[in-house]
Structures are given as structure tokens and as C-alpha cells.
Amino acid sequence: MLDLPQVPAALKREWLELETRRHFLGRGSKALGWAGLATILGRSAPHLLASTAALPDQRPHFAPKAKRCIYLFMAGAPSQFETWDYKPKLAAMFDKDLPESVRGGQVLTGMTASQARLPVAPSFYKFAQMGKAGHWVSELFPHTGKVADDLCVIKSLHTEAINHEPAILSMTTGNMFPGKPSLGAWLAYGLGAINEELPTFVVMTSKMPVRTNVQALSNRLWSSGFLPPEYAAVSLRAGNEPVLYLQDPKGVNRDVRRAMIDGVNDLNRQLFERVGDPEINTRIAQYEMAFRMQTSVPDLTDFSDEPASTWELYGEKAKEPGTYAYNCLMARRLAERGVRFTQVFLRTWDQHTVLPERIKVMAGESDQPTAGLLTDLKRRGMLDDTLVIWGGEFGRTVYSQGTLRPDNYGRDHHPRCFSMWMAGAGTKPGISYGETDDFSYNIVKDPVHIRDFHATVLHQFGIDHNRLSVKFQGLDAKLTGVLPSRVIPELLA
Amino acid sequence: MRRIAIFLFLAALPLRAAPATFATRVAPALEKHCAVCHGAEKQKAKLRLDSYAAIVAGADSGPVLKAGDPKESELHRRITLPPHDDDFMPSDGKPPLSALDVKVIERWIAAGAPESAEFDAPAAPVVRVAEPAAPDYLPRLDQARKLATTLGVRLVPRSRVTTDGLVLRTASAPRQCDDALLAKLAPVADLIVEAELSRTRVTDAGLRAVATWSNLQRLDLARTGVTSAGVAALAPLAKLESINLTGTKVDERGVSALKANPRLTRIWTFGTPVASSP
């Protein structure tokens, strides 16, 4: 960072980030040094480089199947072996060395690279075929097993990233470097709101059931990147006040609040006329959104209108704000009210050690509310146009990290293959797509890159992923990037 | 929940053999997938694939066709390798030929790679032009938007295909939408293909207006005050495919009345008197 005297570093950075060409031109030549600086620092306001085009044409390219999406993000990367990729042949290979031919010289993480052996660890948990479609389902997911016929399971996802942060970023933004718009931001930008009283893109992080191997989650994962900032997610907090400072202080009524916002907006509009910075309009829009949320949010978070069957479906934990179960129910309530994209994060799936014990806790946390959500959406006629996604950021290794006993082992990160599922909104129910080898180490049939997955999700929203782009740094930037990607028709009904 | 399933049997088209020629079936596929690199502008491997004569002439290294024998033809080998093979054509991750195109080329070579004579090949799939969902909205979009804005609802195009119709949206202020409002949408009634009316104040009276929206395909009435009597009025909606009655008072009588709608395959009745009977 360059040294500017007398200004605290944090402030300097913030100011530089807000600096735009419009401000600069408005102030005349004295600003030259600043603009140069902003460019040198690179991280300066993207609008310096991005087009500031008005609202995009928010009509889908073709008639959509999905109106909304609930993305259940299992951060930390659930092992495919104990969840969706059944590998019966491993049972006979307990503690045998992973054949070098399978590994094919792959570079391992620092966590297992120095291990003397790479001994095979079969799943401690049993599998059974469930539903008419006969999905192999782990005994850890008895509830999800009951809705197996609604699931479109993909066993051949793959990614480049081998560590959590870049891998989660790849899943959420299509790119392992921060600064790109999240999937939800692209959808909000490309399609606009269904309900203008609520944010288009909402994120909820769930209370952690385990306190080991915690992954940090930050708003990089739900940022609007180089899209206008209003398309970033609003993150709902656990507890009585899901959005901070939404309640008016004592003595301030609705009219006073309205008058105050009108006054501030007026000042902001004057500034906009002078410098023309679109960021100012975003600010105005956010004041308005906050004002509207003062009335829309209390109704949203008041669960007293839920029938008794809700608690049977999601479990009693759904009454406790901030739990994954609560967030699943909240996701349904948001979807009902027209929120386009809701991303629920459930962390601590990162079982490098003591996997059997810990994954059981995690599956227990996730299973019933997830299945409950699917059942609930289905009975309310919402699964027809709500896309539900369940999955993490990469897979895990067939060999054990550290100790290996039949009932105690760990698994390291594995980007070459992992499993996820989708349901609803025109995805093909009751199918399994893609195959891995006997060690779930390499994909042997129908690979699905994250880009293909993203292209397919956008497709269900009526969007051609090649055509949803904005000019940024000389590129037609899009969610799926520049490498080849395609919609996977086999996943669609 | 309860679904009434009406099974529409769509005739699966068998792969009929039909007469084909180089000009109608082979040349267009090569033109589309290969000519960028093997055409007028670029001649990779000194091979052009944009005319019959050029294909027969072959590449720098020799012929790419052995008439009558696909397996011995370099051209056929290149398009049937696994896509990740270095020799696979088209190279560089360009969109590959469809399985059907590959089959047609195989039959053509097997038939002796004729220049103009007909050969047998799987028929091209009949492209069914989708029936337009509604009249073109473009000339009336401004009118529709203005009307919606005055009424406090939204009418948004379902897609850029201008015959895909409009979606009636009320989620921003459902309580502002009532029976009287629906009646006022008459000027654009034929454009509405989807109506999101959940949580609105719509009752049976409003459904009389909805019954005139002749192109309506999807109707969401969840948590409204409609009853069986109102729902029975929807019989004229010949294109209605799904209706959501969650949390309404509609009972068995309403659901049986809906049997009159020929295309209606999905009815949701969770939280209604119907729901108790499975």
C-alpha cells in the first residue's frame, strides 16, 4: 500500500475503493494523482473499469423452469464415501495400499503428502437401495432416503481447488479468486426480484454442530463482485433480530423514519446529479430496501402461522433460531415470498480425523431438515419451480488420513470427484449421473465440472450462460468463465 | 398433496431410415463443425472439408476417406475417438458433431461416399415448432406495464420469446391485489400465461375474471379465500396445466370440477379439506 500521510490505512483503503472516475472528473485535475493511485492499487472500484450500463434486460432468454433456488451448502466438503457414492468393493480392501495406478501421481495436500502409506478406508456406514429409483443411500440419511425418488444425484463433480477457501469460492462464484459475483448475484442481476419488499439474494449461516475444523465463511462468497453492489446477498442473522438495526429506536415512528429517509435520499440525489456515480443510486436503493424490510421481515420471522406438521417435518430444532433446521424452514418461507436465491451454509463437514463419529453428527444435523424441506416444498406445489441443491466444495480421499481402524479414520481433500444432488424445477428426479472408479478417486463416466453445473443451474432459470455477461476488464465476464462448459441435458427432465 | 395425473402419450418417433444425400446431410454438418479450420480461411493439415472434391482430395498426408469402409477412413476415426483424445475432431474443445451426424457420415462412407446419389441414413428428427403460448406481447408490452403499475402489480415477460406470454406478479404487495383489480386486467387478459396470486385478497368473484384469461397455464391461489364454487368457474381455461390451492377452503367438489380442464395435470391441495383424504 502506498503511503499517504495522516490517513489511517483502513480509511485510505475504503476511500480508494469508493473512488470512481466520475468523482475524479468532477473534481478536476487535482485528482489525477488519486486516479492513478486507484488504478495502481487495482482493487479500486470496479466501475472504473466496468461499464456502468443501466439495468440489464431482465427477461430470461427462454421460458424458465425454476423461479427460485435454495442452495444448501455443506461447507467443509462431505465425504462422498459415507454419503452418495457407494463403493462396495472397498470393504475387501481395508488397509490395503491405494494402487499407484489409481492415484496416477496426483499431488497430495501437505496434510497427507508425508504419510508413509495411503491405506484404503472403506465406509463405516452401510448403504441400502431406497425408493423406486433404487438410489444407494447411506444409513446416515434415513429421511433423505425417503425422498430419494425426487433426487437427481451427480457423482462426478470435479474441481481444480484442493483447499477450502478457493474451492468454496469456485462453487459459489465460479472462480477460485475472490472478487467475482456469486451465482445468486448473477441470478439477481439477470432476472431481478419477484418480491421487491425483500432482498433477491439471501444468505444464512447455520450454527455449527461441531467445533473442530471450522471453515471461515465471509461475504466474499456471496458478493456481487463487479456487478452493482445491490446484487450482493443480504445475510440474515440468527436470533431475534435477523437484520440488524431494522427496528426503529423508541420514539421514532414510521412517519419520522420516512421523512428521514426522504431527506437523506434527497441529499444523495443531489450528489448523484453532480458526480453521476451509480454507487449513490445503490445507496438510495438500500435505504429504501431497509425501509420496506421494516415491515416485510417481522412477518417473515414470525413462525406462529406454521401448522403442527411443520415441526414433524423439520424437527423440533427448527424452533431454535440459527440452527440449520430453522434456516431450512426460513428458506421455505423466503421462497414462498418470492426470494429468488437463498443460500444456507452448514459448516464443519471437514473430517480429516475421527470421521465416522463426526460425520454422523453432521448428517444428523442435515438429514431431517433437508428431507423436510423437500417434502414441504413438494406438498405446497413449490418443488415444481424451486431448485434445491445439496452439496459441498470437493470430495475426500479413499485413503485414511492418520489412524485407520474400521470405525475410526479420516479423509483428506480430494478435488477429482465428489457427489451432490439437485431436486425440483425440472431436474430429472430419481436418477444418478456420472460414475467414479472403485476407489472413487477418478471419474470414469460423464464428468461434470463446476462450470457445467453452473451452466445447468442457469439454464433452469431460462438463462443461456454464454449470454449472461457483463463487460469487465476487457472481457465479457460470465459465471462460467472462458473455459468450455455446457448444460448437461441428461440431468434435466 | 394430491395430484391428478392425466397421461399425455407423446408418440415417440422411431428412427426411420430416410433417403439422404451428401448435399442435404453430410455437407451441412461438416460446414458447421469443421469448416472454420478446414475451409477457405484455414486449411489445418492442408485439408479442406468444404466441398466434395476437397474431401476426396484428402490431406497433406493422404486421403481421409476409404469409400465403403468407415473403419478405415481417417475422417471417421477422428470423429469417433473419445472427445478428450488429442486426435479427436473438431479439436480445441469446439462443439462436437451430434451422434446423429456421426451416424449419417458413417452410413455415407459405408454407401461408397457418393457425391449425389442417395443413401440410407437415420431421419433427421422432426422439429416440432412449439405452439405459441400467447399472442406476441411486444406491441402491447408498454400498455401492459403501465396498467400493472397503476394497479400496483407487475406484468413481466416470461422470456424474450415474445409469444411466451406475461407473468402476473403480486408478491411485492399481495394484499393490494383483490377481485376488482383482476377485472381491470381485461385489456391484456390474453397475454397472461401465469398468475401468481398467493396470499392476495382474491376470492371466488375474482376467479370469474381469471376464467377469461384464455391462455393461462399456471395459477397459484395458495392461501387465498377461494372455494370450490369459485374454482368450478375455471372450467373454460383449456390451457391450464397447474393450479395451487394450498391453504384454501377448496374441497373435493372443487377438485372434481377441475377434471373438466383438459390439460390440468397438477393440483396442489395441501392444507385444504381435500388434503385429509390422501
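For region B:16-122, the alpha carbon convex hull comes to 93 Å³ per residue, rounded to a whole number. Ranked by how many other Cβ atoms sit within 10 Å of their own Cβ, fewest first, the residues A:His158, B:His38 fall in the order A:His158, B:His38.
Once R0 is set to 22 Å, what does the formula 1/(1 + (r/R0)^6) return for the Cβ-Cβ distance between B:Lys103 and A:Ile431, expressed as a FRET efficiency to the nearest 0.05? Efficiency, rounded to the nearest 0.05: 0.30. Annotation: the residues B:Cys37, A:Cys152, A:Cys69, sorted from fewest to most other C-beta atoms within 10 Å of their own C-beta, follow the order B:Cys37, A:Cys152, A:Cys69.
Excluding the sites themselves, what is the longest stretch of chain B that contains no chymotrypsin sites (Phe, Trp or Tyr not before Pro) in a DSSP loop with at most 10 other C-beta atoms within 10 Å? In short, B:10-278. Listed by chain and number, the lysines placed with their C-alpha closer than 25 angstrom to that of B:Lys249 are A:Lys378, B:Lys239, B:Lys259; residues fewer than eight positions away on the same chain are left out. Cα-Cα over 32 Å: which of A:Lys155/A:Lys360; A:Lys360/A:Lys428; A:Lys89/A:Lys146; A:Lys207/A:Lys445; A:Lys155/B:Lys71; A:Lys428/B:Lys71? Listed pairs above 32 Å: A:Lys207/A:Lys445; A:Lys155/B:Lys71; A:Lys428/B:Lys71. Rounded to whole Å, give me the distance from the Cα center of region A:382-401 to that of region A:62-137. So the separation of the two Cα centres works out to 11 Å. For the pair A:Ser101 and B:Asp87, a Förster radius of 30 Å applied to the C-beta separation gives a FRET efficiency near 0.80, rounded to the nearest 0.05. Per the Debye calculation on the protein assembly as shown with a single equal scatterer at every Cα and no solvent contribution, log₁₀ I(q)/I(0) for q = 0.05, 0.10 Å⁻¹ amounts to -0.31, -1.21.
Per residue, the average separation of C-alpha pairs within less than 8 Å and at least 6 apart gives chain A a relative contact order of 27 percent. Computed from backbone phi, the HN-Hα couplings of region B:27-35 come to 4, x, 5, 5, 4, 6, 9, 10, 5 Hz, rounded to whole numbers (Karplus: 6.51 cos²θ - 1.76 cosθ + 1.60, θ = phi - 60°; Gly and Pro given as x).
Summing +1 for each Lys or Arg and -1 for each Asp or Glu among the other residues whose beta-carbon sits under 15 angstrom from that of B:Glu74 gives 0. What whole number of Å gives the distance from the Cα centroid of region A:176-222 to the Cα centroid of region B:146-185? For region B:146-185 versus region A:176-222, the Cα centre distance is 29 Å. Express in whole angstrom the spacing between the alpha-carbon centres of region B:196-269 and region A:427-493. First find each Cα centre; the distance between them is then 37 Å. Normalised by 2.2 N^0.38 Å, where N counts its residues, the alpha-carbon radius of gyration of region B:138-268 equals 0.97.
Relative to the longest principal axis of the Cα atoms of chain B, the long axis of helix B:99-110 lies at roughly 30 degrees. Within the straight-line cut-off of under 17 Å between alpha carbons, the lysines reachable from A:Lys96 are A:Lys87, sequence neighbours fewer than 8 places apart in one chain being disregarded. Taking the longest Cα principal axis of chain B as reference, the axis of helix B:141-151 is set at about 30 degrees. Here the extension length gained between A:Lys146 and A:Leu267 equals 37.9 nm, from 0.36 nm per residue of separation less the Cα-Cα distance. Its relative contact order, with pairs defined as Cα atoms under 8 Å and 6+ residues apart, puts chain B at 14 percent. In chain A, helices alone account for a calculated mean residue ellipticity at 222 nm of -10000 deg cm²/dmol, with every DSSP H run of four or more residues adding -39,500 (n - 2.57).
Each value in this text was obtained by applying a stated rule to the coordinates, not by laboratory testing. Since this is a predicted model, take the numbers as computed values, not measurements. So basically every Cβ, Gly included, is an ideal-geometry build from the backbone, and we count neighbours across all protein chains shown.
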